[in-house]
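A short worksheet on the structure shown next.
The values are calculated or read from the model by the stated rules, or taken from the named source; none is laboratory data. It should be emphasised that the depicted structure is a prediction, and the values quoted were computed from it without experimental measurement. Don't worry about glycine lacking a Cβ; one is built from the backbone with ideal geometry, like all the others, and counts go over all protein chains shown.
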Amino acid sequence: MVTAARLLAGAALRADKYFQAFPEFGPERMGAPIVAFNRISSRPFSNYSQISNPDVVVVIDPTLLGAEAVIAGVGEDAIFIANSSEEARPVAGRLGLEPGQVYVVDASRIARETIGRDIPNTAMLGGVVGITEIVPLDDVIEELKELMGEKLGSERIEGNIEAIRRTFETIRAR
Amino acid sequence: MSHRGRRTGSGARVLRAPAPAKGTIVKALRGADAVAEAMRQVNPGVVAAYPITPQTDVVERFSEFVADGEVGTEFVTVESEHSAMSACIGAAAAGCRVMTATSANGLALMWEMLYIAASYRAPIVMAVANRALSGPINIHCDHSDSMGARDSGWIQIYSSTVEEVYDNVIQAVRIGESKDVRLPVMVMFDGFIISHLLERVRVLPDKKVQSFIGPPRPVYSLLDIDHPLTYGPLDLFDYYFEHKRQQVDAMEYAEKAITDVGKEYGQVSGRLYGYYEAHELDDAEVAVVALGSTASTIKGLIPEIRDERIKGGLLKVRLFRPFPTRDVVRRLSATKAVAVLDRSASFGADGGPLYLEVSNALGRAGAKTKVTNYIYGLGGRDISHEHIMRVYQDLTRMARGRLKPGTRYLGVRE
Amino acid sequence: MARKKETAARKTRAQTRKGRKTERVKRAGGAKKVRTSAAGVKTSTRTRKKGEATSAIGAKRPAGRKRAKGRQAGGEKPGWRDIPRGGLIVKAGNAETYETGSWRTKAPAIDFDRCTNCLFCWIWCPDGAIQVKDGKVVGIDLFHCKGCGICAHECPKEAIAMVDERRTTHVA
């Protein structure tokens, strides 16, 4: 989760953009819901407040799609990208959002098929980039290779790259 | 984000510093990484530190550099912050260049050693991730830790972006070791808000940093066996007062050293540092005084404030010790109303520590400016754009006599 | 022999030290010269020669800022600009000029008939107050002896006894 925010920021740096990435401050507990944030802009900005009205919300854990917290501060212009096996319409209905705001991709399934485990974090990055085009897809992939290459090994890195590409293509096909 | 220097007037652009140093690399670093990176480049003789959230990542990262042989530092692991500072003092007395880092309760545990470091005139550099002091238990940002140490005799520099904390750590080495200064320096950065925030940092080449700081030049060294000396003798009423008077004097020298070092760093890095930062103050009717990350947030909001037809400016305090009293008077006495934002409370006092300084400076200078105080963000409570806009709106009312100055609390539940 | 040389050298150094401070203390029976250390402990001049005492702080004025020679008025000490920063004592060896003998309540007395010159007392003495010449104990340096009694305790021949001494130079 925090890694995904880190990857997105790293990709922004590659694209010579200005960025911030920060976790929800405080102790992290395995399994507990966690939140991480990014600010990305092509121009310098100076803002150190917390993010309360996001432009884009990404929900990686589908079990959180009913939670009140995931729609807090989400305005009419905001984009909502969810990992879910459902269609966008019922998800939007459940969250009280406009169907046009909500994009859904089954990142968990893609992760299982590519990485072999239900770790949809990197896969979701493909979805985010696919919809927002905030950074080029190649920069995300390059950043992933550099940041995680050593830790994951070439086989798993390839799986992750494949996951990112597939969610990118899947979400853009809609 | 990377804007630096002083805006010359309403809408004026940032004064451009000299071109960035060749070989500068833009990296994505968190505040804690940036401190560790600066420490790696400084390559101090001794680091003694004890981990504490949110500073932990600094020493963790730095100890990796030690383990990987990227620095020649003697890393002293200790059992408490009290021992960390004690070891630092000993190493500094031996003539070493010494660095450490801590936060909140760790800083509190160092307390008695802070005074000893300053009174021994040991130019130790310590990064402080600002965090609330318990209790009740809180690990998030406020400035009550370092504000409590404001009279310990340390130079105190507040950083308001990740890049600034990197720059300040490097400059602190030079400032503290300056000839007539010889004082320890605390470099503050907001816990989590800066320490765990990933941002762009323009990292200087290692060689540039080394040539900027130069080799350590201790005045005295306990290891200089040809000139044996004693640290820490009994001073009592005969000499203690004189030694404290010397420390006051050292702070006066520090003012010049900080300005000189900031300028020189500008030549080296392309990033000029002044004693403080002024934003849109030249024609300002009202102004806010703030430090830390909040000052950066306000800076980013000033265009919006100007759009609201509020002639608002910002004075960002970089040095809290020594305090820029003359600059405060010079830049603010023409304004009608000033709000001072404090991220710590001084219980039983007439306002927060920053407010007391500003209010005293303007009051003693006979300025007619109304000065008001806002306590905010205690224990990591967020300060939002709405809060800041409200402060400027309050100030315009105050300037017209429709609101009385006083101490107010931003974001507390009534 | 080496020790003797060293003592002589120290003496010379001490004599050339500047910043000597004396003050007159009125006492019943007349004035007595007293030196004051940085620690504010008044010390008797009983066993010291003139010019040997120095400030424990090792204060030294920078060149060109010398103090007027001669006796200073009572309590006058260098100002904050003229003392080493940080309370450092930058001149070593001035413990020699600091009288700890005034703390004594009992003094060691050596029975030279019993003494075998094993020098245990010399090894154990925390203040280097056992005077030794050519490998033989010759006396006690009462300027530094605090009267702790360790020498008497350690002496295998019970040649040292702690005895009351007539003190005439206690300072108020």
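In table form, for the structure just shown:
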{"item": "Selection status of residue B:295, away from chain A (no Cβ under 14 Å), in contact with a strand residue (DSSP E or B) (Cβ under 6 Å, 6 or more places away or on another chain) and surrounded by 21 or more Cβ atoms within 10 Å (Cβ to Cβ)", "result": "no"}
{"item": "Filter result for the condition that a residue is surrounded by fewer than 21 Cβ atoms within 10 Å (Cβ to Cβ) and touching a Leu at 6+ places or on another chain (Cβ under 6 Å), over B:364, B:397, B:390, B:408", "result": "B:397"}
{"item": "Single residue of segment B:70-105 satisfying the filter (polar (S, T, N, Q), touching a Phe, Trp or Tyr at 6+ places or on another chain (Cβ under 9 Å) and farther than 20 Å from residue B:221 by Cα) that is surrounded by the most Cβ atoms within 10 Å (Cβ to Cβ)", "result": "B:102"}
{"item": "Matching option when the condition is under 22 Å from the mean Cα position of the chain (by Cα) and either without any contact (Cβ under 8 Å) to a residue 60 or more places away in the chain or closer than 27 Å to residue B:193 by Cα (or both), among B:354, B:395, B:410", "result": "B:354"}
{"item": "In segment B:297-325, the residues that are among the aromatic types (Phe, Trp, Tyr) and part of a loop (DSSP other than H, G, I, E, B)", "result": "B:323"}
{"item": "Qualifying residue in segment B:146-164 (condition: touching an Asp or Glu at 6+ places or on another chain (Cβ under 6 Å) and under 27 Å from residue B:381 (Cα atoms))", "result": "yes"}
{"item": "Total residues in segment B:1-56, condition touching a helix residue (DSSP H, G or I) at 6+ places or on another chain (Cβ under 7 Å), among the aliphatic types (A, V, I, L, M) and at pLDDT below 65", "result": "1"}
{"item": "Members of segment A:18-37 that are under 22 Å from residue A:81 (Cβ atoms) and more than 9 Å from every other protein chain (Cβ to nearest Cβ)", "result": "A:24, A:32, A:33, A:34, A:35, A:36, A:37"}
{"item": "Matching entry among B:250, B:290, B:257, B:278 (being buried (at least 19 other Cβ atoms within 10 Å of the Cβ), within 14 Å of chain C (Cβ to nearest Cβ), closer than 23 Å to residue B:172 by Cβ and in contact (Cβ under 8 Å) with a residue 40 or more places away in the chain)", "result": "B:250"}
{"item": "Test result for residue B:139, in contact with a Pro (Cβ under 8 Å, 6 or more places away or on another chain) and buried (at least 19 other Cβ atoms within 10 Å of the Cβ)", "result": "yes"}
{"item": "Spans of helices (runs of 4 or more DSSP H) in segment B:37-146 with at least 1 residues in contact with a Cys (Cβ under 8 Å, 6 or more places away or on another chain), within 14 Å of another protein chain (Cβ to nearest Cβ) and more than 23 Å from residue B:212 (Cβ to Cβ)", "result": "B:111-119"}
{"item": "Condition check for residue B:330: in a helix (DSSP H, G or I), in contact (Cβ under 8 Å) with a residue 60 or more places away in the chain and assigned by TED's automatic domain parsing to the domain that holds residue B:377", "result": "no"}
{"item": "Unmet criterion (only one of (1) more than 30 Å from residue B:230 (Cβ to Cβ); (2) in a loop (DSSP other than H, G, I, E, B)) for residue C:148", "result": "(1)"}
{"item": "Top-ranked residue of segment C:85-111 - restricted to ones that are surrounded by 15 or more Cβ atoms within 10 Å (Cβ to Cβ) and of a type in the set (S, T, N, Q), ranked as nearest to the other protein chains (Cβ to nearest Cβ)", "result": "C:94"}
{"item": "Segment B:259-290: number of residues that are of a type in the set (Val, Ile, Thr) and either touching a strand residue (DSSP E or B) at 6+ places or on another chain (Cβ under 6 Å) or part of a loop (DSSP other than H, G, I, E, B) (or both)", "result": "3"}
{"item": "Test: residue C:82 is among the acidic types (Asp, Glu) and within 14 Å of chain B (Cβ to nearest Cβ)", "result": "yes"}
{"item": "Those residues of segment B:357-393 which are in contact with a strand residue (DSSP E or B) (Cβ under 7 Å, 6 or more places away or on another chain) and away from chain A (no Cβ under 14 Å), in sequence order", "result": "B:358, B:359, B:362, B:369, B:370, B:371, B:372, B:373, B:374, B:375, B:392"}
{"item": "Filtered residue count, segment B:189-221, keeping only those that are aliphatic (A, V, I, L, M), within 14 Å of chain A (Cβ to nearest Cβ) and outside any loop (DSSP other than H, G, I, E, B)", "result": "3"}
{"item": "Condition check for residue A:128: of a type in the set (A, V, I, L, M), under 20 Å from residue A:56 (Cβ atoms), at pLDDT 95 or above and part of a helix (DSSP H, G or I)", "result": "yes"}
{"item": "Unmet requirement for residue A:76, which otherwise passes all of (1) within 10 Å of another protein chain (Cβ to nearest Cβ); (2) in contact with an Asp or Glu (Cβ under 9 Å, 6 or more places away or on another chain)", "result": "(1)"}
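Residue by residue, here is whether (1) in contact with a Cys (Cβ under 8 Å, 6 or more places away or on another chain); (2) free of Cβ contacts under 8 Å to residues at least 60 places away in the same chain; (3) of a type outside the set (Lys, Arg) holds:
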{"residue": "B:191", "(1), (2), (3)": "yes, no, yes"}
{"residue": "B:199", "(1), (2), (3)": "no, no, yes"}
{"residue": "B:226", "(1), (2), (3)": "no, yes, yes"}
{"residue": "B:231", "(1), (2), (3)": "no, no, yes"}
{"residue": "B:238", "(1), (2), (3)": "no, yes, yes"}
